[in-house]
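Please read the structure below before turning to the comments.
The values are calculated or read from the model by the stated rules, or taken from the named source; none is laboratory data. What you see is a predicted model, and the numbers here were worked out from it, not measured in a lab. Neighbour counts run over all protein chains shown; Cβ positions are idealised from the backbone, glycine included. Note: accessible area is taken over every heavy atom of the protein model, side chains too, but ligands, DNA and RNA are not part of it. Shrake-Rupley method; radii C 1.70, N 1.55, O 1.52, S 1.80 Å.
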Amino acid sequence: NKSNSIDCVFTCFKSIRDEYVAVWGTPAFNVEAYDLVTNKVVFSKLAHFSTIFTTRHYLDKRNKMDIIITSSYDKSVKLWNFNESCKLILNIANAHTGFYIYSACLLINELDNKTYVISSAPNEYLKLWNMQGKHLNDFGVCNQSTYYVSTWFDSKSKKHYIINANSVDVKVYNFKDLSLFKTYKGTPN
């Protein structure tokens, strides 16, 4: 499957219904699911209008739902309910002003029972959204190309962090106030 993706080209998981699947964005801009037991495509539907850069899975334990998040060159971030044949549950159109959205992820915060969408684009601030698609905040820096964004929960301190890998370094932000927590620098590029 040819893709220009930098983020997660595909995701593999065991669903809440005990299905073993791989999900990816196709060159025809579909989101497609493949059953790893039967070796068959179980569904394929048009998801975006351009290259899909992100395809990730998240388990929403509270709502007993497998969520797939996708982002695309078409500047949108979409969330899909995998358990209902990838029914669209959120479309954030034009999430960024740049050419494309390299990376997007979810932060499922079991501490406040809320789920958040985080998106990133080259030379733009990271964006935080709620599950209604409302833009909540911008954070980070806007002069670096963000290639990958993810989240991490420190179970010992009960804190969520947002991890941003970009063209210069890796930055970790406190989710609570979106302040910079730590920077990791390596060799150039």
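Mind checking which pairs have a first residue in the stretch 82-98 that is in a strand (DSSP E or B) and a second that is surrounded by fewer than 16 Cβ atoms within 10 Å (Cβ to Cβ), Cβ under 6 Å, 6 or more apart or different chains?
L90/G133; I92/G133
Just give me the residues in the stretch 71-90 being surrounded by fewer than 24 Cβ atoms within 10 Å (Cβ to Cβ) and among the β-branched types (V, I, T), in sequence order.
Within the stretch 71-90, just I89 meets the criteria.
Look at Y161 and say whether it is surrounded by 15 or more Cβ atoms within 10 Å (Cβ to Cβ) and farther than 19 Å from Y102 by Cβ. Talk me through it step by step, then tell me what you get.
Working: surrounded by 15 or more Cβ atoms within 10 Å (Cβ to Cβ): yes; farther than 19 Å from Y102 by Cβ: yes.
When the stated conditions are applied, Y161 passes them.
Every residue in the stretch 2-43 that is among the aromatic types (F, W, Y) and at pLDDT 90 or above, please. I'd like the intermediate steps shown before the answer.
Within the stretch 2-43, the subset among the aromatic types (F, W, Y) is 10, 13, 20, 24, 29, 34, 43.
Passing the criteria: F13, Y20, W24, F29, Y34, F43.
Please work out which residue is modelled with the lowest pLDDT, limiting yourself to the stretch 165-189 and to residues that are open to solvent by less than 100 Å² (accessible area, probe 1.4 Å) and among the polar types (S, T, N, Q).
S167
State whether the residues of the stretch 100-117 include one that is under 21 Å from H48 (Cβ atoms), part of a loop (DSSP other than H, G, I, E, B) and of a type in the set (F, W, Y).
Within the stretch 100-117, one or more residues are under 21 Å from H48 (Cβ atoms), part of a loop (DSSP other than H, G, I, E, B) and of a type in the set (F, W, Y).
Has the stretch 44-53 got at least one residue that is modelled with pLDDT of 95 or more, assigned to a strand (DSSP E or B) and of a type in the set (F, W, Y)?
no
So which strands (runs of 3 or more DSSP E) are wholly in the stretch 142-182 and hold at least 3 residues that are over 16 Å from the mean Cα position of the chain (by Cα) and farther than 23 Å from S72 by Cα?
The strands (runs of 3 or more DSSP E) meeting that bar are 170-174.
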